[in-house]
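Presented below is the structure to which this report refers.
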Amino acid sequence: MTATTDTGVGITPSATRPHVPWRRRLPYLLLLPATVTVLALVGYPVLSAVLTSFRQSDLAQLVSGETVWNGLDNYTAVLSDPAFWQSTVRTLLFTAACVSTSVLGGLLVALLMRHVHRVVRGVLQVSLVLAWAMPMLAATTVFQWMFDQNYGILNKTLVQLGFPSFAGYSWFSTGLSTMAVIMVLIAWQSIPFVAFTLYAGILGVPGELYEAASLDGASSWQAFRSVTWTALRPLVNVVTFLSLLWDFKVFTQVWAIRQGGPDGGSTTLPVLQFIKGIATSHFGIAAAVSVLMTLMLVAITWQNLRLMLRAEEAE
């Protein structure tokens, strides 16, 4: 059908509206600059690390500017090093402990904020914000003083409570105890984010659901399982996923506490990468460790995403 104007000229409908294919492509064209920018900022470092992992990139090569390709030699050196596998197992266990402690602690704090008095809740929230806002190095220094062998307040408190064996006890004498201290530090810094996120989810639960559960004779545990947990499960999955990403690559606190000591007992993969790349100037090997870490993290997060999507489909 053709429309006519005052001048009698016919105008087809296709001439009066934009071309449909261009309208469909417009959102992608608008996203193109941001996509290119992100790929440039993220993709270039990743590509550079991958290429470096196939080169002999020591201090001599950096000074001379010479490019020496050595194939899979860096990966062979890393995978045949027992320290790498020890650090891998330590990193996985440390990550699992940090994530579990942070999520469980944050969930308990979120439930506590729902039940305490408004004044107590306000004080608790301010304390959480202050703990969350403290810089990493400042918090690490505080924890070092708290767990100090001679002047730490923890040892003195335990002695006063009737545990004289903790007088002069060194919390950093073994790798296991050092990692335990670091885990407490990481959880202390992570719990505020988890608690506020889950508390926001709790506030979104309608009060009528709790009233209905109470009328049905449900106990506190049954009300939590059927009402609160059902509403919080997606948020718990999200904070678990984010904590997994953050805790797997923790470096600052581990290095600041004991530089991976004693005797490598607290060396995680990020610390091992730093030691290989900076301390010994084997940047090719450090790049290989970085690539292997990325592949591990992708595998872990992919499995976590699959479980999250499967849980959503089941609901």
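What the table below lists for this structure:
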| item | result |
| --- | --- |
| Filter pass, Tyr210 being modelled with pLDDT of 90 or more and hydroxyl-bearing (Ser, Thr, Tyr) | no |
| So Ser281, is it surrounded by 22 or more Cβ atoms within 10 Å (Cβ to Cβ) and either at pLDDT 80 or above or in contact with a strand residue (DSSP E or B) (Cβ under 9 Å, 6 or more places away or on another chain) (or both) | no |
| Selected residue [in contact with a helix residue (DSSP H, G or I) (Cβ under 9 Å, 6 or more places away or on another chain), within 30 Å of Ala200 (Cβ to Cβ), open to solvent by less than 90 Å² (accessible area, probe 1.4 Å) and free of Cβ contacts under 8 Å to residues at least 60 places away in the same chain] from Ser127, Ser48 | Ser127 |
| Residue match in segment 74-85 (condition: of a type in the set (Val, Ile, Thr) and surrounded by 15 or more Cβ atoms within 10 Å (Cβ to Cβ)) | yes |
| Hey, Leu41 within 21 Å of Leu295 (Cα to Cα) and open to solvent by 90 Å² or more (accessible area, probe 1.4 Å) or not | yes |
| Elements of type helices (runs of 4 or more DSSP H) in segment 31-83, at least 1 residues being acidic (Asp, Glu) and on the phi < 0 side of the Ramachandran plot | 73-79 |
| Residue within segment 60-76 that is farther than 22 Å from Leu245 by Cα and charged (D, E, K, R) present | yes |
| Flag if Val119 is in a helix (DSSP H, G or I), closer than 25 Å to Ser243 by Cα, open to solvent by 70 Å² or more (accessible area, probe 1.4 Å) and out of contact with any strand residue (DSSP E or B) (no Cβ under 6 Å at 6 or more places or on another chain) | no |
| Residue, nearest to Phe196 (Cα to Cα), within segment 142-183, restricted to residues that are in contact (Cβ under 8 Å) with a residue 60 or more places away in the chain and open to solvent by 40 Å² or more (accessible area, probe 1.4 Å) | Met183 |
| Residues within segment 200-223 that are over 30 Å from Val298 (Cβ atoms), in contact (Cβ under 8 Å) with a residue 12 or more places away in the chain and open to solvent by less than 80 Å² (accessible area, probe 1.4 Å), tallied | 6 |
| Extreme residue, nearest to the chain's Cα centre (by Cα), among residues of segment 156-173 that are under 17 Å from Gln144 (Cβ atoms) and of a type in the set (Ser, Thr, Tyr) | Ser173 |
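The values are calculated or read from the model by the stated rules, or taken from the named source; none is laboratory data. Remember, it's a predicted structure, so these values are computed and weren't measured experimentally. All Cβ positions, glycine included, derive from the backbone under ideal geometry; neighbour counts span all protein chains shown. Please note that ligands, DNA and RNA were not included when accessible areas were found on the heavy atoms of the full protein model with its side chains. Shrake-Rupley method; radii C 1.70, N 1.55, O 1.52, S 1.80 Å.
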